[in-house]
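A short worksheet on the structure shown next.
The values are calculated or read from the model by the stated rules, or taken from the named source; none is laboratory data. Treat the numbers as computed from the prediction; the structure is a model and nothing was measured. Counting neighbours? That spans all protein chains shown, and the Cβs are built from the backbone with ideal geometry, glycine included. The area values use the complete protein model at the heavy-atom level, side chains included, leaving out ligands, DNA and RNA. Shrake-Rupley method; radii C 1.70, N 1.55, O 1.52, S 1.80 Å.
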Amino acid sequence: MYIISERINGLFTSVSKSIDHRDAKWIQAHALRQIECGAQALDINTGPGREDGPAAMEWLVKTVQDVTEVPLCIDSPGIKTLTAGIRAAKNKVIINSTTAEKAKMEKLFPLAREHGAEVICLCMDERGVPNSAEARGEMAMLMITTAMEYDIMPDRLFLDPLVLPTKAAQDQGAKVIEAVRAFQSLNEPPPRTVVGLSNVSNGAKDRPLVNRTYMAMLMGAGLSAAILDPEDQELMNTIKAAQVLLNQKLYADDFLRA
Ligand code: THG
């Protein structure tokens, strides 16, 4: 399981304030804590409703890579902010994300090729989020074939079925699991998959319980990566147990310590 920390995100007030004050020390300590907790990459998102998106992203990327060499998953719905982050990056880059919108793919796939970046392909387009596993599969296939037109092979992609809050779209939970399974037969070798895990518990009570339960189910369907909170120790323990149960890690009586 490839673990990408969700916590360097302006959605969190503490992060947003640190970006406003250009508090490099706080951001750097926060980033290093994610890695100590098990993050292998960091999602970098300046948060919604910022007029200084590109400048904030450039600062955030530079600030984080001053203290770590882990890959940066540069996250913004805005092409200008994404581009600013990618150009500022010297660490390995995962572009988060393109959608199946033609205009977006035409901008982001060339940028990915130029920078040798990997790309998250998010299952949505101008019409919104597909409503079934099958429709997600068709959209994922469109992104795979379009990427190949830009010489980006499927092994550079992560397919994201787009997790929705169970409180708002309860029927989508099982469909996303089905999509994760179905995505793996779209190519040989199977494409990698990723989700934004915490979306599922948005607005719910006991969010950690909902998150770790869903994580175990997604892992059972073959999920390869997740954007999540590595500071959630019970979630991280659930991942370790699931890896043992799926024969991805060797069983040991003390597997939580191993
Ligand atoms: N797919 C991809 N990228 C993504 C997502 C996805 N990036 C963003 C998001 N979804 C994943 N990251 C988060 C980060 C924070 C939260 C949820 C998902 C979150 N934050 C609290 C909230 O909004 O209630 C913040 C509360 C607080 O301040 O503590 O839930 O799906 N490719």
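General observations
- In region 37-87, the residues that are at positive phi and under 17 Å from the mean Cα position of the chain (by Cα): GLY38, GLY47
- Listed by position, the helices (runs of 4 or more DSSP H) enclosed by region 119-222 include none that has at least 3 residues that are among the hydroxyl-bearing types (Ser, Thr, Tyr) and within 19 Å of THR98 (Cβ to Cβ).
- On inspection, THR145 fails the criterion of being surrounded by 13 or more Cβ atoms within 10 Å (Cβ to Cβ) and not hydrophobic (A, V, I, L, M, F, W, C).
- Filtered residues of region 213-257 (kept if out of contact with any Lys or Arg (no Cβ under 9 Å at 6 or more places or on another chain) and modelled with pLDDT under 95): LEU250, TYR251, ALA252, ASP253, ASP254, ARG257
- Close pairs from region 64-81: first within 19 Å of VAL119 (Cβ to Cβ) and among the aliphatic types (A, V, I, L, M), partner open to solvent by 30 Å² or more (accessible area, probe 1.4 Å) and part of a loop (DSSP other than H, G, I, E, B), Cβ under 9 Å, at least 6 apart: VAL70/GLN40; VAL70/LYS92; LEU72/LYS92
- Subset of region 32-64 [β-branched (Val, Ile, Thr), in contact with a strand residue (DSSP E or B) (Cβ under 7 Å, 6 or more places away or on another chain) and open to solvent by 20 Å² or more (accessible area, probe 1.4 Å)]: none
- From ARG136, ARG156, residue being surrounded by fewer than 21 Cβ atoms within 10 Å (Cβ to Cβ) and under 20 Å from the mean Cα position of the chain (by Cα): ARG156
- Filtering region 174-195 to residues that are open to solvent by less than 40 Å² (accessible area, probe 1.4 Å) and touching a Leu at 6+ places or on another chain (Cβ under 8 Å) leaves VAL176, ILE177, VAL180, PHE183, PRO191, THR193, VAL194, VAL195.
- Subset of region 1-14 (residues that are touching a helix residue (DSSP H, G or I) at 6+ places or on another chain (Cβ under 7 Å) and surrounded by 22 or more Cβ atoms within 10 Å (Cβ to Cβ)): SER5, GLU6, ARG7, ILE8, GLY10
- Residue count for region 223-240 satisfying the condition of being open to solvent by 30 Å² or more (accessible area, probe 1.4 Å) and part of a helix (DSSP H, G or I): 5.
- MET124 vs. criteria open to solvent by 50 Å² or more (accessible area, probe 1.4 Å), of a type in the set (A, V, I, L, M, F, W, C), under 17 Å from the mean Cα position of the chain (by Cα) and within 14 Å of the ligand (Cβ to nearest atom): yes
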